[in-house]
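First, the structure itself, so that you have it in front of you.
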Amino acid sequence: MSQSDTSQHALMGYHELLGMQVVEWHQDRTVVELTIEPKHLNRSGNVHGGVLASMLDSALSLAGLHCEVPGNIRRGMTLSLTTTFVGPARQGVLRATGILRGGGQKTYMTSGEITDEKGNLVAMGEGSFRRRSGSESPEGFPEDCSE
């Protein structure tokens, strides 16, 4: 599976509904982008905090779940996520970057930020995540296997 194929399968369902896309995914680092649409805005005309938190959750969790084995995946769950909203965003493309900071085989910690097209900081966050059974190894497990 190529980098673009792997990235395509990283986000599904809810993420697709919001319009998020993984544009970079490497060991210890992930970048998720979203083009702002009217559906993402709150009553003040800014991107809703829930959209920003979702972007951070996705980018931060995926930073600890990269798998280079074709056809295999790794899964995880969020244990905690803190977000700080720094500035408004109203239009353009948002870019959430997640970086693995530490942890062990099961639990890992990440941090990241969201910037707008001009590089302005919009939000930042930190999270603790848990790799699901079978996802502790960097090799992951076959995507078509049920847990």
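The values are calculated or read from the model by the stated rules, or taken from the named source; none is laboratory data. For clarity, every value in this text was computed on a predicted model and none was experimentally measured. Please note: Cβ atoms are built from the backbone with ideal geometry, for glycine as well, and neighbour counts cover all protein chains shown.
Select, from L17, L79, the only residue that is touching a strand residue (DSSP E or B) at 6+ places or on another chain (Cβ under 9 Å) and either of a type outside the set (S, T, N, Q) or in a strand (DSSP E or B) (or both).
Among L17, L79, only L79 is touching a strand residue (DSSP E or B) at 6+ places or on another chain (Cβ under 9 Å) and either of a type outside the set (S, T, N, Q) or in a strand (DSSP E or B) (or both).
Among the residues that make up the stretch 44-55, is at least one of them assigned to a strand (DSSP E or B), out of contact with any His (no Cβ under 8 Å at 6 or more places or on another chain) and hydroxyl-bearing (S, T, Y)?
The answer is no; no qualifying residue exists.
Applying the selection to the stretch 130-145, what residues are assigned to a strand (DSSP E or B), surrounded by 13 or more Cβ atoms within 10 Å (Cβ to Cβ) and modelled with pLDDT under 95?
Pass one, the stretch 130-145, residues assigned to a strand (DSSP E or B): 130-131, 141-142.
Retained after the next criterion (residues that are surrounded by 13 or more Cβ atoms within 10 Å (Cβ to Cβ)): 130-131, 141.
Matches in the stretch 130-145: F141 only.
Out of all the residues in the stretch 115-129, is one or more within 11 Å of the chain's Cα centre (by Cα), among the charged types (D, E, K, R) and modelled with pLDDT of 95 or more?
no
Here is a follow-up. I'd like the full set of residues that are surrounded by fewer than 18 Cβ atoms within 10 Å (Cβ to Cβ), in contact with a helix residue (DSSP H, G or I) (Cβ under 9 Å, 6 or more places away or on another chain) and in contact (Cβ under 8 Å) with a residue 40 or more places away in the chain, limited to the stretch 85-110.
Passing the criteria: only I99.
For the stretch 28-59, how many residues meet the condition of being loosely packed, with under 13 Cβ neighbours inside 10 Å and under 27 Å from R101 (Cβ atoms)?
Qualifying residue count for the region: 2.
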